[in-house]
Amino acid sequence: MFENVVIIGGGPAGLSAAIYLARADLKPLVFAGSPPGGQLTLTSEVENFPGFESILGSELIEKMRKQAIKFGARIVDENIKTVEISQSSSKVSQKFVSANSNEFQRIPTNSIIIATGAKALWLNLPSETRLRGKGVSACATCDGFFFREKTVAVIGGGDTALEEALTLTKFAKKVYIIHRRDFFKASKIMQERVKENKKIEVIWNSVVEEIIGEKRVEGIKVNQSWLNRSSQSESVKSATDSTDLTDLTDSTKQLLKVDGVFVAIGHKPDTDLFKGKVDLDEKGYILVKPVESVKSVTDSTDFNRFNYQRMTSVSGVFAAGDCADRYYKQAITSAGTGVEAALEVEKYIVESIKY
Ligand code: NDP
């Protein structure tokens, strides 16, 4: 069967697109991934999705799925293994997606929405995995509220880490930034803001070796073996100045009592599948751009009548959510761009039928 549209991704972007396309009677086929649901299912309560004062991330996803199915979307909890895009004799490129289940499926489709999301990078410590959602988080905007008047640590030295730390100062009484170097790679303006914020203390040249706590985060084990290196930063206290660090038997390691740990060492968009198929930026985020610059559309100006904003470098292939978002990475912004992609798919299908 030739599909109108295949949506790859079952997070807020993919499911919001599915709701709109299902209500437009286009019967979208959603590959929601395995396990489905994206980053929202990793967070606990969500308190910043308009309309819900407080809802579990997994519950929010479940509600979106039900809403999409109610209007006629079909959702398959499988990962897409390959995407093929080829030029046909017509002006509309041919697209196939293949999923691997018991049976190998190759599905032809008129259009595709890529909504595969991004994954926060983690330290990959066993204790970090065990305590995720129990004091370990990768999203201060989502979880900062739960650390009112508590002490937290943010790990990383880029813009995300500094932004997370500043966000957390609205709630926490004390915020440590643990960074493995003696200088930040974050923008100067963010460094200035951090320097001026009295709630923030930076522990330089340090890596977190373990997160302590059984049922909840109670502290972190910090390895300061790099401490002896000369510091380029005079602006901030060195780790030894912090009265909250307690020496452990090994003199290079210290214990810092914290209630929460925010890992902010970067994100990786889930776009490996699309390398060489649609244009990506140097970090792997999918580039979306107005249709004027879409490469695989022929010279026809007919497609230009509508100024597509969510179309990738390939005609009929759209992207939404964190896989195409370097900056905002919020559930609601993902849902918003998912809706934009859905509205553009509707336009695209009407236009492409003419060829
Ligand atoms: P970055 O890659 O810029 O920074 C990641 C940081 O984490 C680096 O300091 C890095 O250390 C550190 N790090 C990486 N791996 C580890 C590890 N295993 N253990 C300890 N530390 C580690 O990622 P960001 O998410 O901060 O930023 C990504 C992009 O998004 C950047 O271009 C940034 O400017 C942009 N951004 C812009 C914002 C804005 O304009 N408002 C807000 C947030 C992000 P090291 O320094 O040693 O490499």
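The packing ranking of peptides 205-215, 333-343, highest mean first, is 333-343, 205-215, where packing means the average number of other beta carbon atoms within 10 angstrom of each residue.
Between Arg326 and Asn197, the contour length at 0.36 nm per residue exceeds the alpha carbon distance by 43.9 nm. Neighbours of Asp244, meaning other residues whose beta-carbon lies under 9 angstrom from its beta-carbon, give a summed charge of +1 when Lys and Arg score +1 and Asp and Glu score -1.
Loop-only check: which chymotrypsin sites (Phe, Trp or Tyr not before Pro) in region 117-162 are DSSP coil with at most 15 other Cβ within 10 angstrom? Let's see the in-between values first.
Details: sites: Trp122, Phe145, Phe146, Phe147; in loops: Trp122.
Qualifying residues, ordered by number: Trp122.
For region 2-60, chymotrypsin sites (Phe, Trp or Tyr not before Pro) are listed when DSSP marks them as loop and at most 12 other Cβ atoms sit within 10 Å of their Cβ; the list is Phe2. For the cross-link pairs Lys170/Lys195; Lys174/Lys257; Lys119/Lys257; Lys289/Lys347; Lys150/Lys199, the ones whose C-alpha atoms lie over 21 Å apart are Lys119/Lys257. In loop segments of region 103-157 as defined by DSSP, the GluC sites (Glu not before Pro) with at most 11 further C-beta atoms inside 10 Å of their C-beta are Glu103, Glu149.
Taken along the Cα-to-beta-carbon direction at a fixed 7 Å, the label points for Arg180 and Asp25 span 5.6 nm. Tell me, what is the FRET efficiency for Asp247 and Lys215 to the nearest 0.05, using R0 = 25 angstrom and their Cβ-Cβ distance as r? My answer for the efficiency is 0.45.
Readers should treat all values here as calculations from the given coordinates under stated rules, not as data from a laboratory. Computed from a predicted structure; not experimentally measured. Glycine also receives a Cβ, built like all others from the backbone with ideal geometry; neighbour counts cover every protein chain displayed.
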